[in-house]
1. Which helices count as membrane-span-like in chain B under these terms: full DSSP H, at least 30 Å along the axis by C-alpha, Kyte-Doolittle mean of -1.0 or more?
2. How high is the relative contact order of chain A? Use alpha-carbon pairs under 8 Å, at least six apart in sequence, and give a whole percent.
3. Calculate the radius of gyration of the Cα atoms of the protein assembly as shown to one decimal place, then report Dmax, the largest Cα-Cα distance, as a whole number, both in Å.
4. Quick one: putting +1 on the C-beta of Lys and Arg, -1 on the C-beta of Asp and Glu, what dipole do you get for chain A around its Cα centre, in Debye to the nearest 20?
5. Select from A:ALA59, A:ALA211, B:THR120 the residue farthest towards the positive end of the dipole of the protein assembly as shown; place +1 on Cβ of Lys and Arg, -1 on Cβ of Asp and Glu, and compute about the Cα centre.
6. Between A:LYS194 and B:GLU135, with labels modelled 7 Å along Cα→Cβ, what's the label distance in nm to one decimal, could you check?
7. Straight-line reach from B:LYS183: which aspartates and glutamates have Cα under 14 Å away, leaving out those fewer than 8 places along the same chain?
8. So how do A:VAL214, B:VAL134 line up by other beta-carbon neighbours within 10 Å, fewest first?
Amino acid sequence: MANKLINQMGLPPSLSHVFSARNILTAKDALSLPETDLMALLDIDIALARSAMASISEATCPPFQTGLALLEEKMKSGGHLSTLLPGLDIALCGGIPFGALTELVGPSGIGKSQFCLKLALLAALPECYGGLNGRVIYIDTESKFSSRRMIEIGEGSFPQIFRLQGLAQKMAGRIIVTRPTSISEFNDSLQQMKLTLLQNEVKLLIVDSIAALVSWDNEKGTISSRQSPLRGSLSFLKSISEFSRVPVVVTNQVRSHSSDDTFHYIFQGHRKDTSNSERSESHLTAALGIQWAHAVTIRLIFEAHSGHRFIKVAKSPISSPVAFPFVVESSGITLLNQEGISVAGSEINAIRCQGCNILTQ
Amino acid sequence: MEISNLPISPSIRSKLLSKGYTSLSSLSSISPSFLAQELSVKLEEAVEVLRAVSDTTTSKSAHIPYGIIPGAVTAWDMLSEEQMQRHISTGCEDLDAILGGGIHCKEVTEVGGVPGIGKTQLGIQLAVNVQIPVEYGGLGGKAVYIDTEGSFMAERAYQIAEGCIYDILDKFPSNSREFLSCKERLQVNNFLAGIFYFRICSYTEQIAVINYLENFLTEHGDVKLVIIDSVTFHFRQDFDDLAQRTRVLGGLSLRLMKLSKMFNLAVVLLNQVTTKFTDGSFQLTLALGDSWSHSCTNRIILHWNGNERCAYIEKSPSVPSASAPYLVTGKGIRGINSNFKRARIM
């Protein structure tokens, strides 16, 4: 919509000639300028500039829908990819939602990629078995995708399906793995993704992991500004997920919680510093910063403490903060407790990795 | 005031200056046909120039007979108007109390906070609460929800509307005839149909929709609330030139303020946080910069206070700074003391 051409908007011909003469061709060029700048640039008076802006705005503005229409649309097209973990599905009102960005964050080795493998399988399964019967695009930046492990998960969770001749091959054939080696390659594949998603009936997009892309760019030392290199791709990812109505699952890494991270507002003063410093030794925090944290719709935190691993629903518009203990078995992730433990307060955002030696498991 | 400040096109302005008309008084007693001949422009353009001149001079005229400036109102009239104003309840009684009744109409309120604190929840709650019928103490108006991040979930709006209706019927159990007709209007589907939802995917569309709102609001006169969730997202992503960004944001906030006054509605902007280096350490602050922080009338910051969610009024012209705790429940935003069953969200 932003790149809509001005000469196709039905403005009076004299006016649209003036716009193209000054090289203002798209709605984006025209609307980025204040009215007075436009008036000066195009040499027209203020009333004409205002009415031109109004017509361009009306043409560029997307149509509206009522909340009721939105709900009915969702009811019709289904809205969720069930994870087959009953407790989690209930907490998320059905599963991983379509058209939104779901983030899995946790320390390494905790089970995020296992979860992604299972989701990929679930999306590829035929609908009679609870799947989405579609293709899956798996963007693997750390070379963690193991098809052998995925088949193992499949045989463990759906033994009756996978024993069938050729079905395993068909399922595996629906999962497309791509391994970009730089952010620009990633952005390029995203650009083509819009068409691919629609043409090839892709039902799930997984990016494992997105933090790795940013860390490559850092190594090359090309970051000079404070702004994240993922800016453009982030909103693009969100918009393609919205328009194609596919769920997008993204994995994120953690980094250690330094004392700089105990942020407060100016009006809160500097109380509680001592209690925070005790916690910060064992606490980790999600990589990619607070801007990324705002952008995701659902955040599932994977953490380990007191000898167990937990999946916490940390940020979600429709669920209360709960934590589910889980284990990783041959058939993938299984929840130990379907009810979930309610977590109060800001504890839900903490990521811990202690009391559980990953190497011995 | 000089010719250079008139709102006319640059080529006409340069013609005026080259012919020697440098001040307004030189144009005050000239006829349009003479001016058209002098500048070799069309008659209509000359008329426009003179009209621009007369508009500027009358508003700055020194001889105002009765001391009243056109368009101004006295403080007493404003007071009586404000006292009759209804406010939009946030769902939490403590928060309503420190806000002086709720979110004010004719003002722009900014709400910011860290991710996961409940900004979208508050936005959806307000979009539902503005529709509470006048008989039950609400405004009986509709809401425009401009979503830039895709965080609006229709199922959650359904839950919140359901919770709101449940609480109203609980509070007003009367079965008298006047209430019966409003009761019929208290349907969840009606509440959902009263939210006009725009999904915005770039800052261009954000500017376009705010420009278009004037026409939209003239058509849909019962809209009493405009929410933008969030106003920051696209401006942090795609804008490279920060100076231009500040100017565009300034224009946006002016337009929103004008809309709120013209149509007597409340504008609520949800903002994200960022870190700023002040006093030797990093502090949390709302995004979009220092210039933006002046553009809103009121500012509420949602934050964690230990294990509690709190709303802090950082800036308001009419109420003092105060903090109030609130909860996000299955039924929406509620206060700490409200008696509700903390139901599992199913």
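1. The qualifying helices are B:242-263.
2. Computed over chain A, the figure is 19 percent.
3. 28.5, 97
4. On the way: 32 positive and 31 negative charges, 127 e Å.
Magnitude of the dipole: close to 620 debye.
5. Looking along the dipole axis, the top candidate is A:ALA211.
6. With each label point 7 Å from Cα toward Cβ, the separation is 4.9 nm.
7. B:GLU135, B:GLU162, B:ASP167, B:ASP170
8. The order, fewest Cβ neighbours first, is B:VAL134, A:VAL214.
Read the figures in this text as sums done on the coordinates, not as results from a lab. Only a predicted model underlies this, so the values are computations on that prediction, with no experimental measurement involved. Virtual Cβ from ideal backbone geometry, glycine too; neighbours counted across all protein chains shown.
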